Amino acid sequence: MRRNEKTAEDIIRRYSRNDKDFRGVTINADNLSKRRLIGVNFEGATLLECNFEKSLLNRSSFKAAVLRGANFKYADLSNTDLTGADFRGANLRAVKLTGADLRWANLEGANLTGANISGAKFDGANLRNANLKDANPGKLWWKANLEEARLDSTTLPDGTVFGRATESVPEE
């Protein structure tokens with residue numbers, strides 16, 4: 001095992017000793033579901049295809065982390081720094097992202113169906129082919145900063161697909 005390569009068991013053991021600093025670690029396809037990992041620092045970590053389903057991860061940092069194919073279904077990522085994180089192909093279904101910082105995050109192809117995105121910052125994020133259907137944008141969605149965000153073929157909370165031309169019926 002390489003120096004920064006860890007297992008879910010390593011993370012859980014260290015967290016139980018109040019160690020929350022996991023910057024730059026690599027964990028491949030391991031199970032961290034249903035865990036209380038509040039305030040952890042996974043900045044710059046590589047967590048490919050890891051399972052965080054139903055975990056409490058609020059007030060944490062995944063800044064510039066590689067989270068491709070990870071499962072965060074029903075996880076709490078509220079008030080978490082996700083700046084520049086790579087979520088390509090991740091399952092963020094029904095995840096709680098209230099107040100999360102997703103600036104410049106790559107959410108291409110991510111499934112955010114039913115997610116609570118109220119107060120989340122998306123400026124500069126890549127949401128190409130992401131699914132936000134039935135997501136809860138909160139009362140301030142109209143204030144969301146999507147400046148420079150890529151929204152090509154993104155399914156918005158109301159089910160409409162951004163950037164797809166509506167088909168016109170030819171007149172007879």
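Results, tabulated for the structure shown:
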| item | result |
| --- | --- |
| Equivalent ellipsoid dimensions for segment 1-162 as semi-axes, Å, which come from the Cα gyration tensor, largest first | 27, 15, 13 |
| Label-point separation, LYS54 to ASP123 (7 Å along Cα→Cβ), nm | 3.8 nm |
| Violating pairs (Cα-Cα greater than 22 angstrom) within the set LYS96/LYS121; LYS73/LYS133; LYS63/LYS133 | LYS63/LYS133 |
| Cα gyration tensor category, rounded, prolate or oblate, for segment 91-132 with a/c compared to 1.5 | oblate |
| Relative contact order (percent, whole number), segment 25-138, Cα cutoff 8 Å, 6+ residue spacing | 18 percent |
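Each value in this text was obtained by applying a stated rule to the coordinates, not by laboratory testing. Being a predicted model, the structure only gives us computed values, none of them experimental. Every residue, glycine as well, gets a Cβ built from its backbone with ideal geometry; the counts of neighbours run over all protein chains shown.
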